[in-house]
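Student: Next up is a structure, given as structure tokens.
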Amino acid sequence: MMMQHGRDMALRAEARKPVAASATLARFWVYFRRYWYILLAVVVLLVVSTYMQVLTPNLTGQVVDCYLTPATEKLMGGSASSNLPGIPPITSTNCWYAHLSPQATAADYLAGLGGLILLIVGLFVASSVLTGLQFYLMTYSGQKVLRNLRVAVFDHIHRLSLGYFSKHEAGDVMTRITVDADTIQQAITFPLVSLMQGLLLIVWVAFTMLTTSPIYAVISLLVTPLMFFATSWFSDQARKAFRQVRSAVGDVNANLQESFSAVREAQAFNREEENIQNFNESNAASRDASIRATAFTSALSPTLEALGYVSMAIVAGVGGLFLLGGQNLLGETMSLGLIIAFLGYTQRFNQPISQISVMWTNIQSAIAGAERIFGLLDTEPDLVDSPGARPMPPIQGRVEFIHVDAEYEPGEAVLHDVNFVAEPGQMVAIVGPTGAGKTTIANLIPRFYDVKTGAVKIDGIDVREVTAASLRAQIGIVLQDPFLFSDTVMENIRYGKPHATDDEVIAAAKLARADTFIERLPEGYHTKLGERGGGLSQGQRQLISIARAALADPRILILDEATSSVDTRTERLIQKALEELLHGRTSIVIAHRLSTIRHADQVLVLRGGQIIERGKHDELLKARGFYYDLYMSQFRRDIDFAETDSAPPVTAAIGK
Amino acid sequence: MQSQFIAGRPMSGNTRHSGRATPGSARPGGAPNADLRVLLRAMRYVSHYRWIAFLAYGSLFFATAAQLMVPQLIQTIIDTVVQAFIATQILKMPALVQSAAAQRMGKTIADLQATQNGFTSAILFAMLAILGFAILRAIFSFSQTYNAERVSQNIAYDFRRDLFAKIQRLSFSYHDRNQTGQLMIRATDDVEKLRLFLGQGLVMALQALVLLVGTLIILWFTNHALTLIVLPILPIALIVFMVFGALTQPLFRQVQIRISALNTILQENLAGLKVVKAFAREPQEHARFERAADDLLEQQLRVARTFSFLMPVIFLIANLGQAAVMYFGGQQIIGGTLTLGEWQKFSLYLIYVFFPMGQLGFIINLMSQAAASAQRIFEILDTQNEVEDKPGAIELKEVQGYVRFDDVTFRYFKGGEPVLSHVSFEAKPGQTVALLGATGSGKTTIINLIPRFYDVTDGRVLIDGHDVRDVTIASLRAHIGIVLQETTLFSGTIRDNIAFGKPNASMDEVIAAAQAAAAHEFIMEFPQGYDTPVGERGSTLSGGQKQRIAIARALLLNPRILILDDSTSSVDLATEYRIQQALKELMKGRTSFVIAQRVSTVLNADQILVLDKGQIVARGTHEELLESSELYAEIYSSQLVGDFDEAPEMMQARAGVVL
């Protein structure tokens, strides 16, 4: 059961074939090298314990040849047959202890037997201790390596620029680290030890058999190639079959997730029966795929077992026939003890093959997983601090774009010849249609990307000349879709300033107008948020992210105004909070609201990566250019809003 | 099967109550009797596949028998070899000694000659027999495992089918109390555990027992004394295995917890990379991740220590059994009461004693888990659905659209605070009723009672004079269209999503609905038009587009009664205007209940209900209420959004004024 279960699990795991296994293994070695002394100990233990395992059948053979057979013969013949001329002894003389004399009594045999058995018991105990130790040491180094690998990948993610993640799905990267690390994890401890031990045992047993009696050994191992063939064929088939199982199970889960979370809609539209029908289709597909895949896994184990029986039959039968046919097999001397010993060898030879076959897919997947992880680690960070980078001095707040060209993909310009200056304390609003390059401008200031040509300067210093960390520490950013961590509200705000006191955090929340709703949460500031701020509304999340920026107290603030709907009251809160936050700081705002634009010292109108108009809101409207059209189609819905802000709304409505 | 669900997903818009009681999550009492009873009940699912199960169990007996035959045959070979060898030796002796030796063995010279001549065929026969049994073993063992898997997968299918159907039909109040993630775990992990136990565990348990008993019988008939030496190993092995399971399971659970903690940090750093970078928090995040990685490492090493100790112990026990058989068996050989072949057989069979113990230990662990899972699954299946067709419920055929609330009181819980108390109103066919009130005032509850998502605690909800509880739920809901603020789209094509409530609608109907909802135009802009696949939760569409699809969805049903939330996501002006027009179109001639967010709605409503703490505190038209209700004036000014009801030209003119 355990074996069978393990096999299923192994095959079910992400099963892929590695591309360049040896190169990947060499990479792994770099991580393992630090623990070379542990590995050395493991190898020594491995050799010793394998030697013990090989020794056991030999000792069993001696039990037969040196004590049991003579005793049996004595019982039958009255004397050992060897005292008759011309008749060779049935036993070999490979005894560790002195051969007992023909006069030996039953008690002598028993004493000798007892001695040998004690030795075997000693071997068993010692080998258990060694196996345990070896397993622990291997796991110890393996887990350490895995931990270091995980941390290395994590750090590498931080080194990569945002550009990398705009080209690679974050989900894909996530899979690499979680799933691939998990497959390595599954292979790195128990299977690895078993594999090493198994291989050593196979080689050693084969070697012992071959040196003891080459021809008998070859005959005994006749079945072995079939076992390898069966393992590789069934594993391949199973791997293919389980790929389908995975996708079918994925469908079932997706269907469950969707149907359960939207069960209210289903009932509202009388869709229950239809959904049940649909679900049962994917449910059945998953069942059938699983059953098909199991056909292969169910067949591998019995096949190997049957082949094992056949090899035992060959050892016993062929050995026996040759023993009787003149105690010799093509020139090699046979003995009953040899047959018993070879039966033991064969068992010890077949067992690791079975074990390895169980883990084979596991190991292959792990190597493939490592390949992908190393692939990620090999990605060169495209944005690093320049060698002589100095820390950014305290920022005054002058932001300057000088002939800036930017592109994400070579040849696809996103910004072209952008020039502007924001004086300390000024507010610059950026407007333009989707894809005009608004976000890119915002991204260049904290150096999330590098310009292609031109320069972004803060207080006259090119952002590429200072360390990114010191630069970003002085720039605040409020994103359109605020990101919260699954931590307390307090910690989420404190994110803006790691060493802020609770009082500072609360003050920042007050400034951001977030204190009212936070205090109403079940545990106030210590309420733990769900993943990605789950449990809070969009507007509330936004207020927290404003508080976070307020706490950081940056000289420069970058703001991406939210477009998603929040209720009117929250919307107004957010507006107020932002007004307060922007006060006295240089701010670059990707503007969606009329009020923002009206208050801006400078409005930059972007189109196709270029600034086509600039000036104050009123001036731009008067010019009746692109901004005017844009305004007409995009910002008008705010007008009423602005009205209700200033005039008593009831009367305004009545006045219609 | 990895299953990671986001717990605590914000519930969709029409949920009020958020009691987090999850009755299924607790481990049941754990009384062995209760465990057994629930497992017996679960076993009824096996009986649907009794023929496949019969194949699995039948194969088991043959497979085990074949397995038991092999050591027997190897003993035969060895004994034959020994006998033949000795016979040969004796026959080579001088005649005088020969007969004496033969006599000592209790055999005649003729016997010995027969042995000597017949050994080749005897050995070959035994070898062929082993081959035969090996093949039989392989076939039946395959059949056992394969059919057991078939049974188990079919059971899993049945459980999932039943769970899904039940959950689909359970009323809103059930879903208010239970989170999606929890339900997912019932339908995946719990079903999987039960499947493993019922489909495979039971077969394995029986196989282990058969193998154990069969082996012990063979050993007993081979040699009593030696068998008695083997017996004490059994309970020891079983205990060790159970201890093993009991110790490692919580350790592994802890590993899983720490892995997911680690993954959460990773996930956040990927999704929130910009925030991490913006606040230059890499060093702190690095420390956080390293801490989690160390925690995981520590737990993994704890597991390793337990394994490094227990695993060798288990093997040692097995090996000590071997050594005992070797010694005491050897003693008997020397004493002449056991043959070498029997001795060898004993050591081969010993594995068959030991392995079943391991299997049984494993299955006992599996059993308690399976019982807990079964308990949780049946808890769902046994849940009494609070909203069900009553016996003899009539079909609601044609509907005029006359809706009446007759002194309705509603509580989510028995004995809880009333969410609505003594609410009475009526809406005549074609009227628009605007619902107004603060969050938690009961607006959503009113609209949830009309399609009978909940049942009233007191009073009646009447449609065309029928109590909604007297008609079938399906026929009732067929006449009601719903458009909510948060539009849920489903993976599938746009067409599927519009035809959500009427899957067999013709393409023409779908297009007509889309046109009326001002959605046709943007749909046609997609390369695949109506066949454009909609991503998870509609990720490929903008908020305004989703909303229009939701309107089209409701329009397609052509309902007499309409429930909607008139807020629109912020979309550009032109779109907003179109959505407003589409809504207007939708409401034309239907009885409509609108959770009002905008000025135009209340202006146009035939009746406005102002709710406060579950009661209607004011009602009337806009003009009437402005005069009479302070609360209305306040809500009007603080909660409603102005909008453009006029034609675009008008708006331009007005914009000029503002400037």
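Student: Out of B:102, B:134, I need the residue that is buried (at least 19 other Cβ atoms within 10 Å of the Cβ) and more than 7 Å from every other protein chain (Cβ to nearest Cβ). Which one?
Tutor: Working: B:134 fails: more than 7 Å from every other protein chain (Cβ to nearest Cβ).
So the residue among B:102, B:134 that is buried (at least 19 other Cβ atoms within 10 Å of the Cβ) and more than 7 Å from every other protein chain (Cβ to nearest Cβ) is B:102.
Student: In addition: Please state which of the following conditions residue A:456 fails to meet, knowing it meets all the rest: (1) surrounded by 19 or more Cβ atoms within 10 Å (Cβ to Cβ); (2) within 14 Å of chain B (Cβ to nearest Cβ).
Tutor: (2)
Student: Just to check your reading of the model, which residue among B:102, B:148, B:138 is of a type outside the set (Val, Ile, Thr) and touching a residue at least 24 places away in the same chain (Cβ under 8 Å)? Give the steps one after another, and end with the answer.
Tutor: Values: B:102 fails: touching a residue at least 24 places away in the same chain (Cβ under 8 Å); B:138 fails: touching a residue at least 24 places away in the same chain (Cβ under 8 Å).
Just a single option satisfies the conditions, and that option is B:148.
Student: Could you check region B:124-146 and list, in sequence order, the residues that are under 15 Å from residue B:70 (Cβ atoms) and aliphatic (A, V, I, L, M)?
Tutor: Of region B:124-146, the ones under 15 Å from residue B:70 (Cβ atoms) are B:125-141.
Residues satisfying the conditions are B:126, B:127, B:128, B:129, B:130, B:131, B:134, B:135, B:136, B:138, B:139.
Student: Find all pairs meeting these conditions: Cβ atoms under 6 angstrom apart; at least six residues apart or on different chains; first residue within region B:273-291 and surrounded by fewer than 16 Cβ atoms within 10 Å (Cβ to Cβ); second residue at pLDDT below 85.
Tutor: From residues that are surrounded by fewer than 16 Cβ atoms within 10 Å (Cβ to Cβ), the pairs are B:284/A:498.
Student: Return the only residue of B:189, B:158, B:162 being surrounded by fewer than 21 Cβ atoms within 10 Å (Cβ to Cβ), in contact with a Leu (Cβ under 8 Å, 6 or more places away or on another chain) and acidic (Asp, Glu). Can you show your working first?
Tutor: Numbers: B:189 fails: in contact with a Leu (Cβ under 8 Å, 6 or more places away or on another chain); B:158 fails: in contact with a Leu (Cβ under 8 Å, 6 or more places away or on another chain).
When all the criteria are applied, what remains is B:162.
Student: Look through A:128, A:161 and report the one residue that is touching a Leu at 6+ places or on another chain (Cβ under 6 Å) and surrounded by 21 or more Cβ atoms within 10 Å (Cβ to Cβ).
Tutor: Values: A:161 fails: surrounded by 21 or more Cβ atoms within 10 Å (Cβ to Cβ).
Only one candidate qualifies: A:128.
Student: Look through region B:258-272, keep the residues that are surrounded by 18 or more Cβ atoms within 10 Å (Cβ to Cβ) and more than 7 Å from chain A (Cβ to nearest Cβ), and return whichever of them is farthest from the chain's Cα centre (by Cα).
Tutor: Going through the qualifying residues, I end up with B:265.
Student: Here's another thing I want to ask about it. Tell me, yes or no, whether region A:519-539 has at least one residue that is surrounded by fewer than 23 Cβ atoms within 10 Å (Cβ to Cβ), within 30 Å of residue A:392 (Cβ to Cβ) and modelled with pLDDT of 80 or more.
Tutor: No: region A:519-539 contains no residue that is surrounded by fewer than 23 Cβ atoms within 10 Å (Cβ to Cβ), within 30 Å of residue A:392 (Cβ to Cβ) and modelled with pLDDT of 80 or more.
Student: Kindly check whether there is at least one residue in region A:471-490 that is touching a strand residue (DSSP E or B) at 6+ places or on another chain (Cβ under 9 Å) and of a type in the set (Ser, Thr, Tyr).
Tutor: From region A:471-490, those touching a strand residue (DSSP E or B) at 6+ places or on another chain (Cβ under 9 Å) are A:471, A:474-481, A:486-489; that's our starting set.
Imposing the further condition that a residue be of a type in the set (Ser, Thr, Tyr) reduces the set to A:486, A:488.
Yes: region A:471-490 contains one or more residues that are touching a strand residue (DSSP E or B) at 6+ places or on another chain (Cβ under 9 Å) and of a type in the set (Ser, Thr, Tyr).
Student: If you take the residues in region A:475-489 that are over 29 Å from the mean Cα position of the chain (by Cα) and buried (at least 20 other Cβ atoms within 10 Å of the Cβ), which one is farthest from the other protein chains (Cβ to nearest Cβ)?
Tutor: Of everything passing the filter in region A:475-489, A:478 is farthest from the other protein chains (Cβ to nearest Cβ).
Student: Residues being touching a Gly at 6+ places or on another chain (Cβ under 6 Å) and at the interface with another protein chain (Cβ under 9 Å from one of its Cβ atoms): count how many of those fall in region B:346-375.
Tutor: Total meeting the criteria: 2.
Student: Continuing with the same structure: Which residue, of A:268, A:293, is crowded, with 22+ Cβ neighbours inside 10 Å, within 11 Å of chain B (Cβ to nearest Cβ), closer than 28 Å to residue B:482 by Cβ and in contact with a helix residue (DSSP H, G or I) (Cβ under 7 Å, 6 or more places away or on another chain)? Break it down into steps so the answer makes sense when it comes.
Tutor: Details: A:293 fails: closer than 28 Å to residue B:482 by Cβ.
Checking each option against the conditions leaves just A:268.
Student: Next question, about the same structure. Report yes if some residue within region B:186-201 is free of Cβ contacts under 8 Å to residues at least 24 places away in the same chain and in a helix (DSSP H, G or I); otherwise report no. Give the steps one after another, and end with the answer.
Tutor: Looking only at region B:186-201, we keep the residues that are free of Cβ contacts under 8 Å to residues at least 24 places away in the same chain, and these are none.
Within region B:186-201, none of the residues are free of Cβ contacts under 8 Å to residues at least 24 places away in the same chain and in a helix (DSSP H, G or I).
Student: If only one of B:117, B:147 is farther than 30 Å from residue B:50 by Cβ and more than 7 Å from chain A (Cβ to nearest Cβ), which one is it? So that I can check it myself, show each step before the final result.
Tutor: Values: B:147 fails: farther than 30 Å from residue B:50 by Cβ.
Going through B:117, B:147 in turn, the sole match is B:117.
Student: Taking region B:301-345 as the search range and keeping residues that are among the small types (Gly, Ala, Ser) and more than 7 Å from chain A (Cβ to nearest Cβ), which one is nearest to the chain's Cα centre (by Cα)?
Tutor: As a first pass, look at region B:301-345 and keep what is among the small types (Gly, Ala, Ser): B:304, B:308, B:318, B:321, B:323-324, B:329-330, B:335-336, B:341.
Among the residues that remain, those that are also more than 7 Å from chain A (Cβ to nearest Cβ) are: B:318, B:321, B:324, B:329, B:341.
Working: B:318: 39, B:321: 43, B:324: 48, B:329: 53, B:341: 53 Å.
This residue is B:318.
Student: Next question. Which residue out of A:358, A:310 is part of a helix (DSSP H, G or I), closer than 28 Å to residue B:84 by Cα and of a type outside the set (S, T, N, Q)?
Tutor: On the way: A:358 fails: closer than 28 Å to residue B:84 by Cα.
Among A:358, A:310, only A:310 is part of a helix (DSSP H, G or I), closer than 28 Å to residue B:84 by Cα and of a type outside the set (S, T, N, Q).
Student: Quick check on residue A:163: is it more than 10 Å from chain B (Cβ to nearest Cβ), in a helix (DSSP H, G or I) and more than 32 Å from the chain's Cα centre (by Cα)? Walk me through it before giving the result.
Tutor: Working: more than 10 Å from chain B (Cβ to nearest Cβ): yes; in a helix (DSSP H, G or I): yes; more than 32 Å from the chain's Cα centre (by Cα): no.
So residue A:163 does not fit the description; no.
Student: Quick one: which residue in A:370, A:389 is buried (at least 18 other Cβ atoms within 10 Å of the Cβ) and at pLDDT 80 or above? Break it down into steps so the answer makes sense when it comes.
Tutor: Working: A:389 fails: buried (at least 18 other Cβ atoms within 10 Å of the Cβ).
Checking each option against the conditions leaves just A:370.
Student: Sticking with this one: Is it the case that region A:315-323 has a residue that's more than 9 Å from every other protein chain (Cβ to nearest Cβ) and touching a strand residue (DSSP E or B) at 6+ places or on another chain (Cβ under 6 Å)?
Tutor: For region A:315-323, residues more than 9 Å from every other protein chain (Cβ to nearest Cβ) and touching a strand residue (DSSP E or B) at 6+ places or on another chain (Cβ under 6 Å): present.
Per-residue answers, yes or no, for (1) closer than 30 Å to residue A:239 by Cα; (2) not aliphatic (A, V, I, L, M):
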{"site": "A:359", "(1), (2)": "yes, no"}
{"site": "A:362", "(1), (2)": "yes, yes"}
{"site": "A:371", "(1), (2)": "yes, yes"}
{"site": "A:402", "(1), (2)": "no, no"}
{"site": "A:407", "(1), (2)": "no, yes"}
{"site": "A:410", "(1), (2)": "no, yes"}
{"site": "A:419", "(1), (2)": "no, yes"}
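Student: Here's another thing I want to ask about it. Would you check which residues across region B:485-513 are modelled with pLDDT under 85 and either of a type in the set (Gly, Ala, Ser) or in contact with a helix residue (DSSP H, G or I) (Cβ under 7 Å, 6 or more places away or on another chain) (or both) and list them?
Tutor: Correct list: B:487, B:488, B:489, B:490, B:491, B:492, B:501, B:502, B:503.
Student: From the list A:406, A:436, A:442, which residue is at pLDDT below 90 and not assigned by TED's automatic domain parsing to the domain that holds residue A:579?
Tutor: None of the other options fit; the residue is A:406.
Student: Let me ask you something else. Please work out which residue is farthest from residue A:455 (Cα to Cα), limiting yourself to region A:374-399 and to residues that are polar (S, T, N, Q) and more than 26 Å from the chain's Cα centre (by Cα). Talk me through it step by step, then tell me what you get.
Tutor: Taking region A:374-399 first, the residues polar (S, T, N, Q) are A:379, A:386, A:396.
This time we only want the ones that are more than 26 Å from the chain's Cα centre (by Cα), so: A:386, A:396.
Numbers: A:386: 15, A:396: 18 Å.
Filtering region A:374-399 for residues that are polar (S, T, N, Q) and more than 26 Å from the chain's Cα centre (by Cα), the one farthest from residue A:455 (Cα to Cα) comes out as A:396.
Student: Select from region A:273-290 the residues that are surrounded by fewer than 19 Cβ atoms within 10 Å (Cβ to Cβ) and facing chain B (nearest Cβ under 7 Å) and list them in ascending order.
Tutor: Quick first cut of region A:273-290, residues surrounded by fewer than 19 Cβ atoms within 10 Å (Cβ to Cβ) only: A:273-274, A:277-278, A:280-281, A:284-285, A:288.
Selection gives A:274, A:280, A:284.
Student: Where in region B:406-515 are the helices (runs of 4 or more DSSP H), entirely inside, with at least 2 residues that are among the β-branched types (Val, Ile, Thr) and under 20 Å from residue B:607 (Cα atoms)?
Tutor: Values: elements: B:443-449, B:473-478, B:494-498.
Here the list reads B:443-449.
The values are calculated or read from the model by the stated rules, or taken from the named source; none is laboratory data. Source: prediction; values computed, not measured. A quick note on method: Cβ atoms are made from the backbone with ideal geometry, for glycine too, and the neighbour counts reach across all protein chains shown.
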